[in-house]
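Asks: Sharing a structure here in C-alpha cells format.
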Protein chains: 2
Amino acid sequence: MKDYYMIGKRVPRTDSLAKVTGAAKYTGDLVLPGMLYGKALRSPHGHAKIVNIDTSKAERLPGVKAVVTGKDTLGWKWGVFRMTMDMPLLAVDKVRYLGEDVAAVAAVDEDTVEEALGLIAVDYELLPVILDPIESMKEGAVKIHDHVERNCYKAAFEFGNPDEGFRNSDLVRESRIVTSKISHSQMEPYGALASYDHVSGKLDLWIPNQSPFVKRRALSHALGMRLGQIRIHHCNIGGAFGGRSDVQSAEFIAALLAIKSRRPVRITYTREENMMATRQKHPMILELKIGVKRDGTIMARSMKVIEDGGAYASSGLVAINIPWVMSEHVYRTPNLKYEGYLAYTNKTPCSMMRLQPHEVHCAEDSLMDAIAEELGIDPVEIRLKNAIKPGEVLPSKSVVTSCAFSETIEKAVAESGYREKRGKLGPGRGIGIGCSGGIAGFNLGIRAVSSAFIKFDEDGGCTLLTGLVDNGQGNESMVVQVAAEELGIPMEDIQLVNGDTELTPQDPGTYPMTACLVSAEAVRRAAADARRQILKVAAERLNVNPKELDIRDRRVYVKKNPEKTMPVDSAVRLSFLKGTPISGRGESVLKAHSEKGWSYWGELKFEGQQGGAYTFGTVIAEVEVDRETGRVKVTDMWVATDCGFALNPTAVEGQWQGGTAQCLGLTLYEEHQWNEQGRLLTDSFMNYKLPTSLDVPNIKCIIVESMDPDGPYGGKEVGLGSTLAPGGAIANAIYDAIGVRVKQLPITPEVVLKALRDKEKRK
Amino acid sequence: MKDYYMIGKRVPRTDSLAKVTGAAKYTGDLVLPGMLYGKALRSPHGHAKIVNIDTSKAERLPGVKAVVTGKDTLGWKWGVFRMTMDMPLLAVDKVRYLGEDVAAVAAVDEDTVEEALGLIAVDYELLPVILDPIESMKEGAVKIHDHVERNCYKAAFEFGNPDEGFRNSDLVRESRIVTSKISHSQMEPYGALASYDHVSGKLDLWIPNQSPFVKRRALSHALGMRLGQIRIHHCNIGGAFGGRSDVQSAEFIAALLAIKSRRPVRITYTREENMMATRQKHPMILELKIGVKRDGTIMARSMKVIEDGGAYASSGLVAINIPWVMSEHVYRTPNLKYEGYLAYTNKTPCSMMRLQPHEVHCAEDSLMDAIAEELGIDPVEIRLKNAIKPGEVLPSKSVVTSCAFSETIEKAVAESGYREKRGKLGPGRGIGIGCSGGIAGFNLGIRAVSSAFIKFDEDGGCTLLTGLVDNGQGNESMVVQVAAEELGIPMEDIQLVNGDTELTPQDPGTYPMTACLVSAEAVRRAAADARRQILKVAAERLNVNPKELDIRDRRVYVKKNPEKTMPVDSAVRLSFLKGTPISGRGESVLKAHSEKGWSYWGELKFEGQQGGAYTFGTVIAEVEVDRETGRVKVTDMWVATDCGFALNPTAVEGQWQGGTAQCLGLTLYEEHQWNEQGRLLTDSFMNYKLPTSLDVPNIKCIIVESMDPDGPYGGKEVGLGSTLAPGGAIANAIYDAIGVRVKQLPITPEVVLKALRDKEKRK
C-alpha cells in the first residue's frame, strides 16, 4: 500500500465547517441590491388547454415589477434527447400536470407576489386527466403530447438468445414488483437567483445544479442568448441526487423576470413546490423472469418494465434503459430480453435519481433467494456463482475492468454473521442479503471531458480551477485532497474555484458519475503537471535528478537524503523570478468516450462500453417485523462496497450511510399519492415519510478496494455501488422473519399485513 | 504591413459602453448585505505624538458596530523597499501629517459614523511641523522618523566622467526649476469594501488598485494572514496614474472594521480625503547643468534634485532616481552626475505619478532651447543631434532596442509648421518644442512575470483569465483584442476575467508599465497556444498541414483555398469529443528580468537594464500669452510618439490626449498649498485647478511605430512616451511668445507676470 501524504486519509471535508455552522449560503440565502421576489402561478388542473391568460390586474398592482407568461418566451422545449424535447419551461398552450408553471410575477416583497398571483386570471379548457401509465398507453387514450403515439416510448431488444437461454434452464421463475413515485427530497428547496445587465447583455444566475454547463446550454437555447452571455455561478448546493441536472422552470422564469423588470429576481420554492414541481423518480411496474441451471447458474433474464415518466420525458430515454444498464454487471446474464416502456401521465415529470433502479435489485434479489430456496442452494453461494468478475464482457459488450464484487459478498457475509443468523434469529426477526452495482462515468459524448487549471501564489499556495460541482457529496473536498496529494502541500494551501461557467473549464458535472473518474483525474493531472515543474526547479537548485525528489508538507526533499530540502514556496518564487511561473494544466476524458456524441444515445440501444468503470456492493440487513402492526424495523445493516479506492474513508462511509438511508426510505416509507384530479397529496414532510435519524439503523460500512487502473489512485465512484442494494436485503430479511415475499415498494405496514393475510389464505 | 484581423484596428473599447452609460459599478457603488459604513478620524495636526485615544463613547453610540485604533493592529509598516518600511496604515504612537488616519468607526449609516468620530477623544503632544524639504534636511531639524538621519535619503553617483565631460564642453549652462506638490486627481474617489468570513477566515476586498497582488501581499503582512486567505476582487477603477499601487489605509482599516464588526464595511473617501490622505506626487527642486560642444553635442549633464516625499517614503527610493532614469534615454548623455534627495516633511505622503518627472523634461528642454539660442543652433537640430538612436547603450548600461525618437521630432515639426511659425506668430503668441520618453516595463524582480489561461466553451467562445488590471487606460480591451487577433474570433466571443488574486494568475500590475510588453504578451502566447491546437484539429479534419491554415471571423480556412473551411466552434467541439479540449496557457516575463529581485532595488544604484523597452515622444505647443493678466492659453498641440505599434489607434490617441491634458494641468494650473499648521488648503476641485475640457486645446496625435522586437505585434507602452513633454513645449512656447523663461511650475499668471517684471528689471 503506497504511503500517501493526503490521499486515503480520513480528513475533514473542506466544506463541513461552513455547512454545520450555518455559515454556508445557499441560493435562497443570497441577496442582491434591488432584488425582487419571484413566484410562479401553478396550474390547478392536471390536464387542460390554456385558452387565455389575463395578467393586467396583476401588472397594475403596486410593487409588481414584471409579469411573464408563455407568450414572453421563444417557445423552446427542454428534453435531454432531441427526440424528447417536449417540455416548455413556462406553459404556452397547454398544461400537463397539476402544478405546472403557467405564469410568474416579480415584486418587491413576497406578500405582493402572492397577491399578484391571485390577480392573474387563466381560462382553461379541461382535458381528461390520466394518472395510470397502463391506462395512458391504451389505444384511444387522450394524447398528452400530440406527436407521441400511445403516450409512450418503447425500448425493446435482446442480447444473446434469451428464448434459448430459458429453454436450457432447469428452473424458470417470475416475479412482479410495483413501486411508487418518489421525490429526491433534497434538503435545500429549489430556486434560482437571476440578474441581468442590460448594457452588456449578460445574465448572471445562481441555481442548484449538477452541472452549470448543462444548465447554461439549455438556457442559452431557451432564452436565445449566446453561451458567453450567460454565467452560472458557483453556489452551495444542498442535495441533488439526479434531480437537479435538468434545466427547470425556476431559473428560466427568474431570468425572464430579471430581464423584464431590470432587477435581480430570486425564486425560492416552498417544500410543497419542491415536491410537486421539481423532478420525481420514475415508479416502475417490473416483471422479471430468471432462468437457471440446477446448480444456480443464471441462463437467461427477461425484464419488462413500465415506467411512469409523468408529464414530460426529461431524461426518460435513459430511465427507460436503466433497469438493464444498471443490473447487467451484477449477476452474469448471458442472455437478456428487455422490454421497456416510458409512459406519459398527467403527473410531475420524472428524471433520474441516485437510487434508480433500486426496485430492480429488490425484485432480483428476492427472486434469487426464492430460486435458491427452491433449488436447495445457499443464497450466498448462488450469488457468488453468478457474480460478475473482473475482465468479463457484459451483454451490452461493455467490459468490466476492476471488480471486487465477490469480495464484497464474502466480507458482508462474514462481518454480519449472515450464515449463523439466517433462519435462527427468532420469531419476527430475520436477516437478508442484496447486491447492486454502480457505473462510474456514463458515456455522454461531448460532456465526457474535464479540464483543470492551477495557478500559484508567491507563498507556495495555489488556486485550483475546475468545472466540477459539489451537491453535498464532498466533490469539492475530494479535488482539493487530490491536488494536495500531488503537490505535497496541505489542503488549506489550496483555494478552490469551481462550478462556474465563466471562470472554470468545461466539466461533465455530477450526473454521469464522473466526479472521481474524470474530474478528479483532470485535477490530478493538472497538479502532476505543476509538480513536475516544481521538481524541475528544485532539482536544479539541489543539484539532483528530479526523479530523486519527493514533496511532502510544503517541502521538496531528496528521497534518499531527506535532510536535503527546498521549500515549495522557494521553488515557486524562483520560478517567478526565472520567468517560467509554475502553473498546472490537466485534462481527462472518459475512456468509454465516443465521437458519436448525442446521436448514439438517440438510437435507444446502448451497445458498447457503457461507462468508465463499474462498482459493486453487497448489503445485509437485519430486521424485526411486528406481525400485529406490520411495522418493519431495520436494526442493523452491513454495507460492503467496491469503490476502487477510498480517497477519504470518512467521506466514503458518509456517502454509503447516506445512500443506504435513502434506499431505506424508498424501501419502507416513501410514496407519493395523488387524487383523481392529479393533485399531489403527499406534498410535505408531514405526509411524505422521509426516514429520520431515529429510523436509520446501525450501518457498518466495509470498504473494499479493487484499485481501478483508470481512476485517480484507483478510485471509481462512491454514490452508487451498494446504495441500490438495501431493498433486496430488507425484502429478503422480511422473508426470513415472517415468510412472506413483498411485491411492492415501499413496504409499508399495510403491505406487510396484506402479504401475511395472502399467505394465510394460500394455506 | 501585416494584414491583421483585429490588431491595429480602431475598435471601441470593451469597457466604454458600461462606463459612459453609468452602468459600470465602482467600489463606492458596491453594496453587500448587512454592509456598514466606515470612516477614519484624521489627525488635525501635522506632527504630534499620540498620548491617548479614548474611544469608549464612540463605541457606546447606538449603531456603531466597531471602532479601531492603532492598538488593534500588528504595527506593521508599509514601504516599497525593505529599508523604507516606515508607514503604519493606522497611526500607532505618532502622526506625521495633518489628515493621517488615527482611528476609525464602522456604523449602520453615515450620519452615525460622523457622530461617532466626533466622540473619539485623542490627546496629542504637539511637535514642530516641518513643511519645507530644505529645512527638514538641516542639521538639528526635529526627526520625523526616529531611524532616519537628517530626515532624508540620498542617492548620489556618477556615470562616466562628468567632471571631464564638463571640462571638455564649450558651453555649460545651468537652470533651476521648482515644482509644486500635485494630486493624481483620479475621478473615482478612493475607498475600499471589505467582507470577512469568520468561519473560513477569508477576507474579500474590493479596492481601486494597480495590482491586486501587490495590495494583497501588503495586507497579508499587515493583517497577519496568509495570501490565500485574502482575496482582492476585480473592480472597475476610475483612474490611478501611479497613485493606487501602494497599499493604503482605507483597505486596511476596512478590513479591520469588517473583522471586528463581523459585517462588510465600505469606506468611500470624500474628494477632500482623496486630496489630503491619498498619495500625491513629489514636488522637486531641480538644479540642472548641461555642458555642450559648440555644435550642440551634449558632453555632460548634472542633476541635483530635492524631492519632498511627505510624511512617509512609499516608493520614494524609486522617485529619488526617476529624474535620471526617465531622461537618460532622451538626449544622449555620455557623462552624468546625479545627486538626489528624498526629504520627509509633515505633508501628505507621495508616490509615483505617471507625469513624473515632467519637470525634468521641462527644465531640460528649456535649457536646450537656451543653449541652442546662445550657440545659434536651430532647436530642432540640437535635438536631432543628441536624440537617442536604436541600439544605443545608456549611461546606466541599459540598452535601447526599438527607437524612432528622431522620427517623432521630424514628424511633429513637419505637422505643426514649427519652423515656419517660430518667432513669427505675432505678439503674445509663440510655439515651442519638448521631448520625453517612457519605459515599458521597469525591472521589478518577482513581479515581472505574467501568465494567462484561456478556456473554451463548446460554441467556440472562450474565457480569458489574466491578472492584469485596468485603471481606465484600456488594458482590458487590449488583452481581449490581442486574444481575438490570435484566435481569429471577434472580441465579443471572449469573456474576460481579470485582476482577481484568487481567480487569475500573478501579474505585475500597471505600475511598472508592463501591461502591453508583458501582460498582453502572455495573453498573446496563451491565445497562440490555443490557436495551435485549433489548427491541429482543423488540419486533421481538412487534411492539410496546419501551416496552410489561418483563422478569421470564427472560421479556419486554407490560405490558398479559402473556400475550404472549418468553423472554430466545430474544431472546439471536436476537441472536446476527442478528449483533448482546447485550452491556452501562456506566460511572459520582462527580458530585463533579474533573479536578484528586491535586493537589487535596495542598493539604490540602478546599473544594468532598466526596462523592457523605451518609448519616445515629441510635443509641440502653440500658446497665446496675455501680458496684462499673465494668462497662458494653449491653442494647439502636436503630439508625436513612438509607442512601438498602435494596437488600437483610437485607444492610443485617447491615452495621449489624456496624458497631454494631464501634463497641461501640471504645467499651468495644478498646485497644492498648505498653511503653517500643515493643513492642505487646496483640498477640492474648487481651489485645486484641474483643467476642464474648455482648457484643453486641439491635440493632434501622430502615431510613430518602431515595431519593437519584444512587444506583442511590436507594441511597447502608451501611457508615458510623450506625456511628459508638454511642459517643455509650453515653456519654450512662452519664451517664443514673450521672451521669458519660467523657473517654476505650474506656470500660473502670477509666475508669468513675475517673470515679465524680472525681465524688465534686468534691462
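Asks: Can you send over the carbon and sulfur percentage of the accessible area for segment A:156-301, probe radius 1.4 Å, protein chains only? The partial results should precede the final answer.
Replies: Values: 1960 of 4270 Å².
Result for segment A:156-301: 46 percent of the exposed heavy-atom area is carbon or sulfur.
Asks: What are the label-to-label distances in nm, one decimal and shortest first, from A:Leu61 to the same spot in the other copies, with labels 7 Å along Cα to Cβ?
Replies: 4.3
Asks: Another question, if that's okay. Considering only DSSP beta bridges with both partners in chain B, what is the antiparallel share in %, to the nearest 5? Mind showing how you got there, number by number?
Replies: Working: 103 of 133 bridges.
In chain B, approximately 75 percent of DSSP beta bridges are antiparallel ones.
Asks: Amide H to amide H under 5 Å from B:Lys94: which residues, 5+ apart in sequence or cross-chain, H placed 1.01 Å off N in plane?
Replies: Under 5 Å from the amide H of B:Lys94: B:Ile50.
Asks: What accessible area, in Å² to the nearest ten, does a 1.4 Å probe give for A:Ser200?
Replies: 70
Asks: Next question. What FRET efficiency would be calculated for the residue pair A:Arg10, A:Lys138, taking the C-beta separation as r and a Förster radius of 41 Å, to the nearest 0.05?
Replies: Values: r = 56 Å, r/R0 = 1.35.
Here the calculated transfer efficiency is 0.15.
Asks: With the cut-off at 32 Å, tell me which of the pairs A:Lys215/A:Lys389; B:Lys2/B:Lys700; A:Lys71/A:Lys304; A:Lys260/B:Lys215 have Cα atoms farther apart than that. Show your work: numbers first, answer last.
Replies: Working: A:Lys215/A:Lys389 38 Å; B:Lys2/B:Lys700 26 Å; A:Lys71/A:Lys304 41 Å; A:Lys260/B:Lys215 39 Å.
Listed pairs above 32 Å: A:Lys215/A:Lys389; A:Lys71/A:Lys304; A:Lys260/B:Lys215.
Asks: If I ignore ligands, DNA and RNA and count only protein heavy atoms, how much of B:Ile494 is accessible to a 1.4 Å probe, in Å² to the nearest 10?
Replies: 10
Asks: For segment B:222-246 and segment A:481-554, compute the distance between their C-alpha centroids and round to whole Å.
Replies: Answer, in whole Å: 27.
Asks: Moving on to the next point. What are the nm distances, shortest first, from B:Glu548 to its equivalents in the other copies, labels at 7 Å along Cα→Cβ?
Replies: Label point to label point, same position, other copies: 5.0 nm.
Asks: Using Cα positions and a limit of under 18 Å, work out the lysines in reach of B:Lys759, with same-chain residues fewer than 8 apart set aside.
Replies: Leaving aside lysines fewer than 8 places away in the same chain, those within reach of B:Lys759 are B:Lys743.
Asks: Where a Cα-Cα gap under 20 Å defines reach, which aspartates and glutamates qualify for A:Lys138, not counting those fewer than 8 residues away within the same chain?
Replies: Partners found: A:Asp146, A:Glu149, A:Glu287, A:Glu307, A:Asp308, A:Glu339, A:Glu676.
Asks: If you don't mind, another one. List the aspartates and glutamates whose Cα lies under 17 Å from the Cα of A:Lys564, skipping any in the same chain that are fewer than 8 positions away.
Replies: Result set, ordered by chain and number: A:Glu540, A:Glu548, A:Asp550, A:Asp553.
Asks: At A:Gly391, label 7 Å along Cα→Cβ: distances to the other copies, nm, ascending?
Replies: 7.2
Asks: If contacts are Cα pairs under 8 angstrom and at least 6 residues apart, what is the relative contact order of chain A in percent?
Replies: So the answer I get is 16 percent.
Asks: Around A:Asp204, what is the net charge, scoring Lys/Arg as +1 and Asp/Glu as -1 over all other residues with Cβ under 14 Å from its Cβ? Show your work: numbers first, answer last.
Replies: On the way: positive: A:Lys202, A:Lys215, A:Arg216, A:Arg231, A:Arg262, A:Arg263, A:Arg266, B:Lys25; negative: A:Asp197, A:Glu251, A:Asp500, A:Glu502.
Once all neighbours under 14 Å are counted, the net charge is +4.
Asks: Sort B:727-734, B:336-343, B:252-259, B:687-694 for me by packing, meaning the mean count of neighbouring Cβ atoms within 10 Å per residue, highest on top. Could you put the intermediate results ahead of the total?
Replies: On the way: B:727-734: 30.5, B:336-343: 23.2, B:252-259: 27.2, B:687-694: 12.9.
Result, highest mean Cβ count within 10 Å first: B:727-734, B:252-259, B:336-343, B:687-694.
Asks: As a test of the formula, what do you get for the protein assembly as shown when each DSSP H run with n ≥ 4 contributes -39,500 (n - 2.57) and the sum is divided by the residue count, at 222 nm and rounded to the nearest 500 deg cm²/dmol?
Replies: Values: 42 runs with 418 residues, N = 1526.
My calculation for the protein assembly as shown gives -8000 deg cm²/dmol from helical runs alone.
Asks: Another question about this same structure. To the nearest 100 Å², how much accessible surface do chains B and A hide from each other in total, with a 1.4 Å probe?
Replies: On the way: alone 28120 and 28220 Å², together 51610 Å².
Accessible area lost upon association: around 4700 Å².
Asks: Residues of A:488-496, mean number of Cβ from any other protein chain within 10 Å of their own Cβ, rounded to a whole number?
Replies: Numbers: counts 0, 0, 0, 0, 4, 3, 1, 8, 1.
Mean shielding by partner chains, rounded to a whole number: 2.
Asks: Which value, in Å² rounded to 10, gives the accessible area of A:Met83 with a 1.4 Å probe and all protein chains present?
Replies: 90
Asks: What FRET efficiency do you get for A:Asp295 and A:Lys397 if R0 is 25 Å and r is their Cβ-Cβ distance, rounded to the nearest 0.05?
Replies: Numbers: r = 26 Å, r/R0 = 1.06.
Computed FRET efficiency for A:Asp295 and A:Lys397: 0.40.
Asks: Can you send over the carbon and sulfur percentage of the accessible area for segment A:414-474, probe radius 1.4 Å, protein chains only?
Replies: On the way: 690 of 1350 Å².
Accessible surface attributable to carbon and sulfur in segment A:414-474 totals 51 percent.
Asks: Let me ask something else about it. Send over a whole-number figure in Å² for the accessible area per residue of segment B:616-763, probe 1.4 Å. Kindly include the intermediate steps, with their values, before the conclusion.
Replies: On the way: 5460 Å² over 148 residues.
Value returned for segment B:616-763: 37 Å² of accessible area per residue.
Asks: Then there's this: Once the other residues with Cβ under 13 Å from the Cβ of B:Glu476 are scored (Lys, Arg +1; Asp, Glu -1), what is the net sum? Before the final figure, lay out each step's value.
Replies: On the way: positive: B:Arg13, B:Lys19; negative: B:Asp15, B:Asp470, B:Asp500, B:Asp507.
Surrounding charge for B:Glu476 is -2.
Asks: I'd like the mean, over residues of B:452-464, of how many other protein chain beta carbons sit within 10 Å of each residue's own Cβ.
Replies: Values: counts 2, 9, 2, 11, 3, 11, 7, 5, 2, 4, 1, 8, 0.
That works out to 5 on average.
Asks: How high is the relative contact order of segment B:461-576, in percent, with contacts defined as C-alpha pairs under 8 Å that are six or more residues apart? Could you put the intermediate results ahead of the total?
Replies: Numbers: 162 pairs, mean separation 29.5, N = 116.
It rounds to 25 percent for segment B:461-576.
Asks: I'd like the mean, over residues of B:220-230, of how many other protein chain beta carbons sit within 10 Å of each residue's own Cβ.
Replies: Details: counts 2, 0, 0, 0, 0, 0, 5, 9, 10, 3, 0.
Counting other chains' Cβ atoms within 10 Å and averaging over B:220-230 gives 3.
Asks: I need the phi-derived Karplus couplings for segment B:355-369: 6.51 cos²θ - 1.76 cosθ + 1.60, θ = phi - 60°, integer Hz, Gly and Pro marked x.
Replies: Once rounded to whole Hz, the list reads 8, 8, x, 4, 5, 5, 5, 4, 5, 5, 5, 5, 5, 4, 5.
Asks: While we're looking at this one, here's another question. Label points 7 Å out from Cα along the Cβ direction at A:Lys763 and B:Lys564: separation in nm?
Replies: Each label point lies 7 Å from its Cα, and together they span 8.5 nm.
Asks: Return the equivalent ellipsoid semi-axes of chain B as a descending list in whole Å, where each equals the square root of 5 times an eigenvalue of the C-alpha gyration tensor. If you can, show how the numbers build up before the last one.
Replies: On the way: eigenvalues 324, 295, 100 Å².
Value: 40, 38, 22 Å, ordered largest first.
Asks: In addition: What is the calculated FRET efficiency for A:Glu676 to A:Glu149, with r their C-beta to C-beta distance and R₀ = 30 Å, to the nearest 0.05?
Replies: On the way: r = 26 Å, r/R0 = 0.85.
Calculated transfer efficiency: 0.70.
Asks: Another question, if that's okay. Over segment B:624-763, calculate the relative contact order: mean separation of alpha carbon pairs under 8 Å at least 6 apart, over the residue count, as a percent.
Replies: On the way: 201 pairs, mean separation 55.5, N = 140.
Computed value for segment B:624-763: 40 percent relative contact order.
The values are calculated or read from the model by the stated rules, or taken from the named source; none is laboratory data. Just so you know, these numbers come straight off a predicted model, no measurement behind them. Cβ atoms come from the backbone with ideal geometry, glycine included; neighbour counts cover every protein chain shown. What goes into the accessible areas is simple: the full protein's heavy atoms, side chains included, and nothing from ligands, DNA or RNA. Shrake-Rupley method; radii C 1.70, N 1.55, O 1.52, S 1.80 Å.
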